[in-house]
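One structure is given below, encoded as structure tokens.
No lab work stands behind these numbers, since they all come straight from the coordinates. Quick caveat: nothing in here was measured; it's all calculated off a predicted structure. All Cβ positions, even for glycine, are placed from backbone atoms using ideal geometry, and neighbour counts span all protein chains on display.
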Amino acid sequence: MTALLELEEVTLRFGGVTAVDKVSFSVEEGEVFALVGPNGAGKSTLFNLVSRFYDPAEGDIRFRGESILKRAPHEIARLGIARTFQNIELFEQATVLQNLLVGRQRHRRGNLVSEMLFTPFVRAEERRHREAVEKVIDFLDLQAHREQYIAGLPYGVRKVVELGRALAIEPTLLLLDEPASGLSVEETQDVAFWIEDIKTQMGITVLMVEHDMHLVASVCDRVLALADGKMLALGTPREVQGHPRVIEAYIGAHGRSKVMA
Amino acid sequence: MRTVFKTSYDADINLFRHRAQAGWYALLALLAGLLPWLVNVFWLGEATNMLIWAIAGMGLMVLVGQTGQASLGHAAFLAVGCYANVLYQQKLGLPFILSFPLGGLTAALAGVLVAIPTARLHGLYLAIATLAISILVDDLIVLSAPLTNGVQGLYAPPISIFGLTIDRYGNPYLFYWVVLVVAVLVVLLYRNILRTPLGRAFAAVRDSEVSAKAMGVNVAKAKAVSFGISAGITGLAGALMGHFAGIFNNETFNLLISIQLLLMIVIGGLGSIHGAFFGAIVVAILPQAIALARDAVTGALGVSSIAIPGLETAIFGAILIVFILFEPAGIYGRWVKIRTYFELFPFYRRDMFRRQRSYLRTERMR
């Protein structure tokens with residue numbers, strides 16, 4: 001096992017607030033790694049740091065041993081890091097198919113002129129992109145929604161489309177920001193199966209933020225608990241759930257809680 | 001309703017959905033080609049004018065409808081295309097067949113130059129910045145009088161293609177066909193943009209910049225490319241406008257033209273090629289319709305002809321207000337609804353096209 005993504009002493013401040021305080025961890029290749037913690041713990045902020053939407057004040061973020069801090073946000077996807085958003089960020093005025101095809105930007109090989117003239121090469125590329133996207137549609141059972149506009153889709157389907165769009169990138173590392181938030185029990189179960197398959201069949205490493213501890217316990221190999229931007233505990237889901245500092249951060253008292261069980 | 005049985009991905013990649021659709025467009029192309037035999041010279045001139053506006057509309061549509069960037073200064077690119085085309089012919093002695101695409105390229109370059117400093121501006125602020133550029137170009141034309149002849153303006157020479165002289169008044173048919181060919185080529189170019197990663201990158205920037213970045217779209221570059229293509233197409237329209245008008249100066253491409261262009265594509269229907277054409281029909285037909293209506297009214301009342309200054313602008317504004325209130329999707333949107341009604345008859349539901357309220361979006365990260 002080698003470290004795919006490493007964060008070293010990463011610190012981010014918004015004015016006087018330290019949103020992320022010297023956080024260090026590494027995600028090993030092939031594992032499912034979860035970030036948990038109460039609201040405002042800095043989980044999503046960490047995602048935005050890896051996506052390069054924010055610049056850390058201190059520390060380093062390395063992907064495959066190479067610092068990504070010199071990279072622009074749009075280069076992150078090209079490295080093979082895909083992400084979803086907590087508040088769905090789909091392209092509303094486009095169909096599901098078009099949304100998934102945007103995920104193929106990383107694999108774009110035509111240039112401006114060849115695309116404007118629609119050369120046979122561009123057509124062949126389009127077929128290739130479509131094939132890759134169809135695989136994702138098959139995997140996530142989105143066939144029924146292929147031609148529908150996002151603006152008319154229910155929340156649960158949007159959530160799946162977002163996952164699909166990230167998969168269309170064909171990433172090596174997938175960042176999922178609360179993949180099960182707002183989903184029903186069955187839908188959450190689907191997400192659990194998908195994450196399992198993404199890990200074992202596609203060989204994609206997953207880093208996710210999630211509040212649903214059942215989901216975390218069932219699919220994650222390791223968990224990092226955060227509170228107020230600080231690291232609390234790192235280990236297997238069981239270890240982290242039982243960690244006294246984690247329990248204290250959630251309910252402010254000692255003793256094993258039902259909230260975390 | 002026609003059910004298309006798709007047996008290959010090409011069914012979605014091709015220009016037409018099915019043979020019947022291709023047939024209808026072939027018929028339209030044939031009609032457009034034969035128009036000189038169908039209407040008199042006056043209406044042919046109006047059709048030519050409409051096509052030029054449609055080309056300019058498509059130019060602006062790439063930017064506003066596809067990429068979601070507002071521009072209140074597209075008359076500037078009309079001017080750049082127009083002046084560049086004529087100056088290349090007059091000062092460098094280039095033939096039309098070279099000066100015309102070069103004029104478009106010059107406008108495209110101007111578009112990219114505008115996009116670089118304005119890449120971080122959004123919505124209203126971008127509209128104000130482009131407005132300023134429009135005013136700036138107006139002033140630049142006056143200031144560089146040795147080249148542009150300032151407020152006196154320039155004459156557009158007759159077009160000469162391989163020894164064939166094409167003049168709007170001398171042989172309006174040929175001029176119409178030149179404009180028609182350009183319009184068809186621009187439509188093809190536009191369609192190709194829409195069905196390639198380029199067009200999807202534009203749509204991504206329009207709908208969610210933060211998400212576009214996460215998908216690997218270089219947002220600043222996509223905006224610059226969009227500005228370039230948009231300004232280039234508009235520049236071509238500007239060059240044709242110059243030849244159509246015969247004489248032009250800085251006033252030809254004033255602020256009102258920019259606004260009219262923007263209103264035109266809103267009335268036509270944002271985000272569609274059809275919209276640019278529908279909008280252009282309204283813009284081109286309106287003055288004639290008003291004139292005809294006025295003649296009818298004065299004739300019926302038995303009074304001498306009355307002219308009301310600003311009537312055209314007022315009616316245009318009224319039409320816009322009606323559209324924004326009752327049909328924000330424009331003429332094309334209304335057309336799609338009517339078509340769907342008949343295709344699905346009797347299963348059309350009233351709320352079929354009602355947009356659902358969008359969910360919370362991460363606006364704090366642009």
Next item on the list: Treating the Cα atoms of segment A:90-170 as identical point scatterers in vacuum, please give the log10 of the normalised Debye intensity I(q)/I(0) at q = 0.17 Å⁻¹, two decimals.
Entry: -0.65
Check: By DSSP, what percent of the beta bridges with both residues in the protein assembly as shown are antiparallel, rounded to the nearest 5?
Finding: 60
Notebook entry, point to check: At what distance in angstrom do the alpha carbon centres of segment A:36-67 and segment A:192-238 lie from each other?
Noted result: 16
Notebook entry, point to check: How large are Rg and Dmax for the protein assembly as shown when only the alpha carbon atoms are used, in Å?
Noted result: 28.7, 98
Next item on the list: Quick one: grab Rg to one decimal and Dmax as a whole number for segment A:151-261, Cα atoms only, in Å.
Entry: 15.3, 47
Check: With r defined as the distance between the Cβ atoms of B:Glu312 and B:Leu164 and R0 fixed at 35 Å, what FRET efficiency is calculated, to the nearest 0.05?
Finding: 0.45
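Kirkwood hydrodynamic radius, computed over distinct alpha-carbon pairs, for segment B:48-184: how many Å, to one decimal?
For segment B:48-184, the Kirkwood estimate is 16.2 Å.
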Note to self: Give me the mean projected area, in nm² to one decimal, of the convex hull enclosing the Cα positions of segment B:209-359.
What the structure shows: 14.6
Next item on the list: Kindly put B:Ile13, B:Ile265 in sequence by how many other C-beta atoms sit within 10 Å of each C-beta, fewest to most.
Entry: B:Ile13, B:Ile265
Next item on the list: Rounded, prolate or oblate: pick one for segment B:19-254, where a ≥ b ≥ c are the square roots of the eigenvalues of its C-alpha gyration tensor, a/c under 1.5 means rounded, and failing that, prolate if a/b is larger than b/c, else oblate.
Entry: oblate
Item checked: Per-residue ³J(HN,Hα) for segment B:6-20, Karplus 6.51 cos²θ - 1.76 cosθ + 1.60, θ = phi - 60°, Hz, x for Gly and Pro -> 8, 10, 8, 5, 4, 4, 8, 8, 4, 5, 10, 6, 7, 4, 4
Note to self: Suppose the chain between B:Leu136 and B:Leu27 were pulled fully straight at 0.36 nm per residue; how much longer would it get relative to their current alpha carbon spacing?
What the structure shows: 34.9 nm
Item checked: Ranked list, fewest to most other Cβ atoms within 10 Å of each Cβ, for A:Arg13, B:Arg339, B:Arg19, A:Arg83 -> B:Arg19, B:Arg339, A:Arg13, A:Arg83
Note to self: Using a Gaussian network model on chain A with a 10 Å cutoff between Cα atoms, which of A:Arg64, A:Arg222, A:Arg109 fluctuates the most?
What the structure shows: A:Arg109
Next item on the list: Calculate, axis by axis, the spread of Cα positions in segment B:133-244 along the three principal axes, and write the results as whole Å, longest axis first.
Entry: 55, 35, 20
Check: Rounded, prolate or oblate: which fits segment A:129-214, taking a ≥ b ≥ c as square roots of the Cα gyration tensor eigenvalues, rounded meaning a/c under 1.5, else prolate when a/b beats b/c?
Finding: oblate
Margin query: Distance cut-off 29 Å, Cα to Cα: go down the list A:Lys22/A:Lys135; A:Lys70/B:Lys221; A:Lys159/A:Lys199; A:Lys135/B:Lys337 and report the pairs above it.
Written below: A:Lys22/A:Lys135; A:Lys135/B:Lys337
Notebook entry, point to check: Where a ≥ b ≥ c are the square roots of the eigenvalues of the C-alpha gyration tensor, would you call segment A:41-180 rounded, which needs a/c under 1.5, or, failing that, prolate if a/b is larger than b/c, or oblate?
Noted result: oblate
Notebook entry, point to check: Hey, got the dipole for the protein assembly as shown? About the Cα centre, +1 on K and R Cβ, -1 on D and E Cβ, debye to the nearest 20?
Noted result: 760
Next item on the list: Could you check the simple spin-label distance between B:Leu292 and B:Tyr341, using points 7 Å along Cα→Cβ, in nm with one decimal?
Entry: 2.4
Checklist line | Inter-chain shielding of A:103-113 (mean C-beta neighbours from other protein chains, 10 Å cut-off) | finding: 4
Margin query: Please rank A:His243, A:His145, fewest neighbouring Cβ atoms within 10 Å first, as an exposure proxy.
Written below: A:His243, A:His145
Margin query: Can you give me the orientation-averaged projected area of the convex hull built on the Cα atoms of segment A:193-241, in nm²?
Written below: 3.6
Next item on the list: Compute from the Cα atoms of segment A:1-74 the Rg and the Dmax, the latter being the longest Cα-Cα distance, and quote both in angstrom.
Entry: 12.1, 38
Next item on the list: For segment B:237-277 and segment A:13-33, write down the distance between their C-alpha centroids in whole Å.
Entry: 52
Next item on the list: Just report the Cα centroid separation between segment B:180-218 and segment A:93-116, whole Å.
Entry: 8
